[in-house]
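Trainee: Before we start, here is the structure in question, set down as structure tokens.
No value in this document is a laboratory result; all are computed from the given coordinates. Values in this document were obtained by computation on a predicted structure and should not be read as measured data. Don't worry about glycine lacking a Cβ; one is built from the backbone with ideal geometry, like all the others, and counts go over all protein chains shown.
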Amino acid sequence: MNKKIGFTCAYTPVPLIEAAGFSPYRVFPDTKAPDQAGHLLHDNLCPHVKKVLDRALADDLPELEGMVFINSCDTMRRLADAWKQARPDDKIILIDLPSGTDILSLDFLSKEYERLSTTLFKWNNETSSPEIISGRIKEKISLWNIVADLVKKTEEKMSQDFFPGYASGLQQIINTAATESTDHALAMAQNKLEPEQPAKPGLSPVFVFGNLLFDPKVYDLFEDWNMHVTGTDFCTSSRFVTHVDTGLDDNIFRSLAISYLKQTPCARTMDTAMPGSIAQRIVERAKKSNAKGVIGFTLKFCDPYLARVPMIRQALQKESIPFLMLEGDCTTGSMGQQQTRIEAFTEMLEV
């Protein structure tokens with residue numbers, strides 16, 4: 001079994017990790033470890049970061065060869081700093097992520113991805129030529145793209161009909177790509193492309209978006225609460241499995257940078273030419289997925305998302321699309337506390 005490289009952000013290209021001979025391991029904030037992050041970071045911080053740090057402090061992790069951190073926000077940057085104290089023997093690389101999507105941003109990110117690749121190959125004592133490295137990256141990207149295409153087809157099926165257990169099955173595939181390997185995710189995707197149960201009518205079609213919603217059991221809860229998830233926009237859902245177009249540039253790292261920056265971005269990325277594009281994108285995604293309503297799930301203290309909620313609400317109101325905004329702390333328990341509001345919202349959509 002390959003050694004694992006830990007990471008925490010959807011802007012980390014899994015094909016680069018696998019091309020260097022490692023397996024990916026996304027460190028989800030899923031732990032029963034005691035709350036110790038406050039010893040190193042302020043308590044009023046993103047619960048995602050705090051729970052990931054709790055895992056590090058409690059040694060609630062598999063053996064890792066190294067950690068990749070993306071400087072996506074100040075809190076994630078602070079996590080990289082705290083990790084050095086929590087696990088001083090770990091190899092760490094911090095990749096800077098531009099907040100824009102212009103040409104300079106693309107150039108910068110392509111160089112950061114090249115630096116990441118060089119570092120990963122060094123960590124595995126690889127000394128292959130640039131041509132061989134590029135070929136291995138393209139090979140892994142090809143496999144990754146097959147998974148991305150299957151995930152997209154699965155979401156398209158979700159938008160058309162309600163298949164019990166289909167949304168949670170899709171999340172299991174995505175989690176496998178994040179924590180095991182692209183090969184395993186591909187095998188799962190090929191087996192689960194066709195729904196195991198026939199379509200059923202009656203549940204309220206809802207588009208959901210936010211920071212991260214990674215637990216497959218949550219999607220089963222949604223079904224129990226009369227909700228048919230027709231589409232998602234989370235860094236832990238289909239957005240994570242970014243299709244990479246290797247034909248965008250002769251330089252494979254620039255092709256990666258373009259594919260990742262031009263994908264559906266998270267709230268921390270700003271299109272300076274269209275500052276309100278995140279709101280319009282959610283409206284378009286909701287309509288395309290045939291949703292009758294939209295629910296946002298954000299983490300406490302996540303300023304980028306909270307700052308954009310007013311424009312999202314306004315855009316949805318303009319299109320007469322009902323909207324429910326919820327806040328949580330990455331736990332299934334906090335989601336359970338929202339049950340009454342979710343059920344009331346979905347019942348309203350039936351009227």
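Trainee: Between MET348 and VAL309, 0.36 nm times their residue separation minus their Cα-Cα distance comes to what?
Mentor: 11.9 nm
Trainee: Relative to the compact globular guide of 2.2 N^0.38 Å, what is the alpha carbon radius of gyration of the chain, as a ratio?
Mentor: 0.97
Trainee: Tell me the angle of helix 130-160 to the major Cα principal axis of the chain, expressed in degrees between 0 and 90 and rounded to the nearest ten.
Mentor: That helix lies at roughly 10 degrees to the long axis.
Trainee: Angle check, please: helix 182-192 long axis (alpha carbons) against the longest principal axis of the chain (alpha carbons), in degrees 0 to 90, nearest 10.
Mentor: The angle comes out at about 30 degrees.
Trainee: What does the net charge come to around THR230 if you take all other residues with beta carbon closer than 11 Å to its beta carbon, with K and R at +1 and D and E at -1?
Mentor: With Lys, Arg at +1 and Asp, Glu at -1, the net is +2.
Trainee: At 37 °C and a viscosity of 0.692 mPa s, what translational diffusion coefficient does Stokes-Einstein give for segment 4-132, taking Rh as the Kirkwood radius over Cα pairs? Give it in µm²/s as a whole number.
Mentor: After rounding, the answer is 213 µm²/s.
Trainee: A further question follows. Starting from the amide H of ILE92, placed 1.01 Å from N in the peptide plane, find each other amide H under 5 Å away whose residue is 5 or more places distant or on another chain.
Mentor: It is MET67, by chain and number.
Trainee: Another one. Which whole-Hz couplings ³J(HN,Hα) result when phi for each residue of segment 283-293 is put into the Karplus expression 6.51 cos²θ - 1.76 cosθ + 1.60, θ = phi - 60°, listed in order with x for Gly and Pro?
Mentor: Once θ is set to phi - 60°, the couplings for segment 283-293 become 4, 5, 5, 5, 5, 5, 8, 6, 7, 9, x Hz.
Trainee: Between ASP233 and residues 5 or more places away or on another chain, which pairs have amide H atoms under 5 Å apart, with H built 1.01 Å from N, and which residues are they?
Mentor: Close amide H contacts, sequence-distant or interchain: VAL208, PHE209, GLY210.
Trainee: How far apart, in nm, are two points set 7 Å out from the Cα along the Cα-to-Cβ line at LYS288 and at ASP90?
Mentor: 3.5
Trainee: When the dipole is taken about the Cα centre of segment 4-132, and only Lys, Arg (+1) and Asp, Glu (-1) are charged at their Cβ, what size is it in debye, to the nearest 20?
Mentor: 200
Trainee: Amide H neighbours of MET325 under 5 Å, counting only residues 5+ apart in sequence or on other chains, H built in-plane at 1.01 Å?
Mentor: GLY296
Trainee: If you plug each phi of segment 16-28 into the Karplus form 6.51 cos²θ - 1.76 cosθ + 1.60 with θ = phi - 60°, what whole-Hz ³J(HN,Hα) values come out, in order, with x for Gly and Pro?
Mentor: 5, 5, 6, 5, 7, x, 10, 10, x, 9, 6, 7, 6
Trainee: Any number yet on Rg/Rh for segment 163-350, C-alpha, Kirkwood?
Mentor: That ratio is 0.97, to two decimals.
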